[in-house]
Amino acid sequence: MNNILVVNINWLGDAVFSTPVFKALKQAYPQANISCLCVPRVKEVLQYCPYIDKFILYDERGKHRWLWKKLKLIQYVRRQKFDAAFLLHRSMTRGLLVFLAGIPKRIGYGKVKSLLTHPVEMDAENIHRCDFYLKVLEGYGIKVRERVCELRLKIEDIQSMEAKLSKAGIAKDEAYAVLNTGGNWDLKRWPIESFVLLAQQLNREFGLKIVLPGSDKDRLDAAYIKQSIGVNAAVMAGQTSLGESLALYRQAVIVISADSGPLHLAHSVGADVIGIFGPTRPEITGPRGNGRVEIIIKDVGCNKAPCYHLTCSKNICMQSVTVENVIDAFKKFRP
């Protein structure tokens, strides 16, 4: 095969988990041109994956919500004359798109199997998401050599991040810890007061500067932590591009986060990470990058794990993780 399309999923963490798919395809078909069809927010992440040659944007909530725009996209995909499409997304809309685009080999799973030439049986959804996506390739007979998530930094992002840190009072050779307070839903978040105590101890006991990243919605939490810890901290929430954030994570002594996109982004660029898990499970969504990793998870007697319970009134699984637990995990990285 010389021209391959990968139809990707929609979520940031899963986009990171899909990166081994592109490397496996490049290893199996070194001369192939590999394109990725994805939503715009996923392209922002995957542009740092070195094994993708081209992106085709599917803006399902924007211009492609209109039927005539979908038809134009189908015509465009048809003109690319792909030899095969690997569908990591089980969406019927995407299955129909590659079917109508006339791609001769269509490999995927789930409810779109009637539109596929090579449906893959996926009978093990309780496996790591990386392995789940790689099963689409393995179901077609492609040998997978590596299962590591990999994103590569750009020199301009490193330089830009160094300038921003310097302006915030952190010199190039100073050691810092990144504390990510965010999460895509509240019950996956570690308590903000725990982050305050953790920041104080990391600074007092280990002499680490504190950096607080995140999106615009994390600014208030970051400002609260900075005000509460009694030492200077660099608030980067809402002030960095994705590439700059990757550079920030890579140069950190440690990145500490709940199960969230930034945790996986950090590990994918080789940062050492501590992941705090509660309603989700590391066996399914744990970091899969090149850095060292420590996972903290408490057995609190829940009947179902992972629960993905969005309305839990107690959130005891996250509340039970202590600052001492995190400090003990961090000490394992020390010489």
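The values are calculated or read from the model by the stated rules, or taken from the named source; none is laboratory data. In this text the structure is predicted, and so the values were computed from the model without any measurement. Positions of Cβ are backbone-derived with ideal geometry, glycine not excepted, and every protein chain shown enters the neighbour counts. SASA here: full protein model, heavy atoms, side chains in, ligands and nucleic acids out. Shrake-Rupley method; radii C 1.70, N 1.55, O 1.52, S 1.80 Å.
At q = 0.11, 0.21 Å⁻¹, work out log10 I(q)/I(0) for segment 1-103 with the Debye formula, treating every Cα as an identical point scatterer and leaving solvent out; two decimals please.
Here log10 of I(q) over I(0) equals -0.30, -1.12.
For segment 74-175, what's the relative contact order in percent, using C-alpha pairs closer than 8 Å and at least 6 residues apart? Each step should come with its number before you reach the end.
Numbers: 110 pairs, mean separation 18.1, N = 102.
With pairs under 8 Å counted, the relative contact order is 18 percent.
Work out the FRET efficiency for ASP53 and ARG78 from their Cβ-Cβ distance, taking R0 = 25 Å, and round it to the nearest 0.05.
Numbers: r = 19 Å, r/R0 = 0.74.
In this case the efficiency is close to 0.85.
Where the accessible area of the chain is counted over protein heavy atoms with a 1.4 Å probe, how much of it, in %, is carbon and sulfur? The partial results should precede the final answer.
Values: 7620 of 15390 Å².
Taking all protein chains in place, the chain shows 50 percent carbon and sulfur surface.
In a shell of Cβ-Cβ distance under 15 Å around ALA163, excluding ALA163 itself, what net charge do Lys and Arg (+1) and Asp and Glu (-1) give? Intermediate results must be reported in sequence, preceding the final value.
Working: positive: LYS154, LYS164, LYS167, LYS172; negative: GLU156, ASP157, GLU162, ASP173, GLU174, GLU244.
After counting each charged neighbour, the total is -2.
What's the local net charge at LYS331, with K and R +1, D and E -1, over the other residues with C-beta under 14 Å away?
On the way: positive: ARG292, LYS332, ARG334; negative: GLU205, ASP272, GLU294, GLU324, ASP328.
For residues surrounding LYS331, the net value is -2.
What is the distance in Å between the Cα centres of segment 270-291 and segment 20-41?
24
Could you tell me the calculated FRET efficiency between SER114 and GLN227, based on Cβ-Cβ distance and R0 = 41 angstrom, to the nearest 0.05?
For SER114 and GLN227, the calculated efficiency is 0.10.
Looking at segment 250-301, what % of the alpha carbon pairs are farther apart than 17 Å? Show your work: numbers first, answer last.
On the way: 330 of 1326 pairs.
It works out to 25 percent of all Cα pairs.
Can you work out the FRET efficiency for the pair ARG204 and ASN126, with r the C-beta to C-beta distance and R0 = 41 Å, to the nearest 0.05?
Working: r = 41 Å, r/R0 = 1.01.
With a Förster radius of 41 Å, E is 0.50.
Write down the Kirkwood hydrodynamic radius of segment 32-189, to one decimal in angstroms, obtained as one divided by the mean of 1/r over all alpha carbon pairs. All intermediate terms of the calculation are to be shown ahead of the outcome.
Values: mean 1/r = 0.0536 Å⁻¹.
In segment 32-189 this quantity evaluates to 18.7 Å.
Which order do VAL323, VAL148 take by accessible area at a 1.4 Å probe, largest first? Intermediate results must be reported in sequence, preceding the final value.
Numbers: VAL323 15, VAL148 50 Å².
Sorted descending by solvent-accessible area, the residues read VAL148, VAL323.
So what's the Cα pair-distance distribution over segment 67-120, bin width 10 Å, in %?
Calculated P(r), rounded to whole percents: 28, 55, 16, 0.
Would you be so kind as to identify which of ILE74, GLN47, LEU151 lies farthest towards the positive end of the dipole of segment 13-158, taking Lys and Arg as +1 and Asp and Glu as -1 on Cβ and the Cα centre as origin?
Farthest towards the positive end: ILE74.
Name the long-range amide H neighbours of ASN33: under 5 Å, sequence gap of 5 or more, or other chain; modelled H, no Pro or chain starts.
Long-range HN contacts for ASN33: ASN3, ILE4.
Need one number: nm distance between label points at ASP173 and LYS217, each 7 Å from Cα along Cα→Cβ, rounded to one decimal.
According to this spin-label approximation, the distance is 4.1 nm.
Tell me the mean residue ellipticity at 222 nm calculated for the chain from its helices only (DSSP H runs of n ≥ 4, each -39500 (n - 2.57), averaged over every residue, nearest 500). Could the numbers behind the result be given before it?
On the way: 14 runs with 129 residues, N = 335.
For the chain, the value works out to -11000 deg cm²/dmol.
Could you check how many percent of all C-alpha pairs in the chain are farther apart than 30 Å?
Values: 22153 of 55945 pairs.
When all Cα pairs of the chain are counted, 40 percent exceed 30 Å.
Please compute the per residue accessible area over the chain with all protein chains in place, 1.4 Å probe, rounded to a whole number of Å².
Numbers: 15390 Å² over 335 residues.
About 46 Å² of surface per residue is accessible.
Give, rounded to the nearest 20 debye, the magnitude of the charge dipole that segment 244-295 has about its Cα centre when Lys and Arg contribute +1 at Cβ and Asp and Glu contribute -1 at Cβ. List each step's numbers first, then the result.
Numbers: 4 positive and 5 negative charges, 17 e Å.
Here segment 244-295 has a charge dipole of around 80 debye.
Could you run the Debye sum over the Cα atoms of segment 119-259, one equal point scatterer each and no solvent, and tell me log10 of I(q)/I(0) at q = 0.22 Å⁻¹, two decimals?
Summing over Cα pairs of segment 119-259 leads to -1.30.
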